[in-house]
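Undergrad: There's a structure below that I have some questions on.
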Amino acid sequence: MNDIATPTEPFSLPPVPPAARKLKGSAVVKSLLGRAANPKHLVNAARLQIHRKKHRHAYDDAQLALYSRILPSDFLHFGYFDEPTPLPQDMSLAGLARAQDRYAQFLLELAGDKTRPVLDIGCGMGGLSRLLLSNGYSPTALTPDRLQAAHIRATMPDVPVIQCKLEALKTADHEHKYGTLFTAESLQYLKLGKALPVLETLLSLGGRWVACDYFHRQPSDDHSCHEWDAFTARLHATGWRIASQREITQNVLPTLAYIHMWATRFGLPLMQFAFLRLRRKQPGLHHLLSGALDLLTGLANNNVALIDPVRFAAEKRYMLLAMERA
């Protein structure tokens, strides 16, 4: 049963104000320049920026609503494809959802003693915690993100939530409490020097730490994830052993290929079309914004390159691990 609350009303965009509908052609440029040159608007903009935290609740509610509509399973990971060769144009959101469920089932199969509590570290929107709960486990969700924490508390009231980073967790009330620790695509964010002693303190005798994440194949200046050889050496040096390991890089690539297809076939071309249309319709405004538009183009191209499945497979390896105290 899906624990996500179903919206009672269909999603719709707010109506466009009549004044905005009338802003065409040079009126757009005139309006922008007029507001930028008006001291009153400058003061209001500065005040809104200074006090922006007071208005975050409206954005927070909208963001959670967006997550719950786009990600009905509450999973934020890559998913696992048993047949890792589908063409991205033949894939669907339903297929991605099934792959995410499959990924979570692999994690569940590695879980330890069901009679012991489980800690879902970096729990995201709570998809794994929900699955654990439905399979008779007693999960606790840990996240430093207050939006994720609020979402889980609202949709899964039976799951305790700890809102902090793992490295900052006060372990006195959690010492040797958990039979299984999960880090599903959250290991990459942990600072191992601080995190490994905390994980050791949390784990009960005979328990296990299950991780599923990607690693650099070679040493890299990119700190978005750990380097595999350095990670395993750190484990062995601090009294951990890898009880089970499996590389699943090829099984997660279809998700990247699907996202990459949408970005290269639709996202980037639509962005460039919008810029060209702006240049044709509003050459003066385009000239003023040209530097910012170039930065946006560069940023978009860099982000698309990061999700290139060929590049990902060459530079990273995605591992499913079960670790125990040596």
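None of the figures in this text is laboratory data; all of them are computed from the coordinates on show. Just so it is clear, the structure is predicted and the values come from calculations on it, not from any experiment. Backbone-built Cβ (ideal geometry, glycine too); neighbour counts: all protein chains shown.
Undergrad: How many residues are in a loop (DSSP other than H, G, I, E, B) and either surrounded by fewer than 17 Cβ atoms within 10 Å (Cβ to Cβ) or of a type in the set (A, V, I, L, M, F, W, C) (or both) when one looks only at the range 91-126?
TA: 9
Undergrad: Working only within the range 179-207, note down all residues that are in a strand (DSSP E or B) and within 24 Å of the chain's Cα centre (by Cα).
TA: Hits for the range 179-207 are 180, 181, 182, 183, 184.
Undergrad: For residues in the range 190-223 being over 19 Å from residue 79 (Cα atoms) and hydroxyl-bearing (Ser, Thr, Tyr), which is surrounded by the most Cβ atoms within 10 Å (Cβ to Cβ)?
TA: Among those residues, the one meeting the criterion is 204.
Undergrad: Being in a helix (DSSP H, G or I) and out of contact with any Phe, Trp or Tyr (no Cβ under 7 Å at 6 or more places or on another chain) is the filter here, so list the residues in the range 216-252 that pass it.
TA: 229, 230, 232, 233, 234, 235, 236, 237, 250
Undergrad: Take the conditions aliphatic (A, V, I, L, M), within 18 Å of the chain's Cα centre (by Cα) and more than 17 Å from residue 324 (Cα to Cα) and apply them to residue 141. Does it pass?
TA: Yes, satisfied.
Undergrad: Another question about this same structure. I need the full set of residues from the range 147-173 which are assigned to a helix (DSSP H, G or I) and either free of Cβ contacts under 8 Å to residues at least 40 places away in the same chain or closer than 23 Å to residue 109 by Cβ (or both), in order please.
TA: Those that are assigned to a helix (DSSP H, G or I) and either free of Cβ contacts under 8 Å to residues at least 40 places away in the same chain or closer than 23 Å to residue 109 by Cβ (or both): 148, 149, 152, 153, 167, 168, 171, 172, 173.
Undergrad: So residue 296 ticks every box in (1) within 30 Å of residue 184 (Cβ to Cβ); (2) out of contact with any Phe, Trp or Tyr (no Cβ under 7 Å at 6 or more places or on another chain); (3) not hydroxyl-bearing (Ser, Thr, Tyr) but one. Which box is left unticked?
TA: All conditions pass for residue 296, except number (1).
Undergrad: Give the range 129-146 a look and list any residue that's of a type outside the set (D, E, K, R) and not in a strand (DSSP E or B), or say none.
TA: Across the range 129-146, the qualifying residues are 129, 131, 132, 133, 134, 135, 136, 137, 138, 144.
Undergrad: For residue 210, are the conditions met, namely being part of a strand (DSSP E or B) and farther than 24 Å from residue 310 by Cα?
TA: Here the answer is yes, as residue 210 does meet what is asked.
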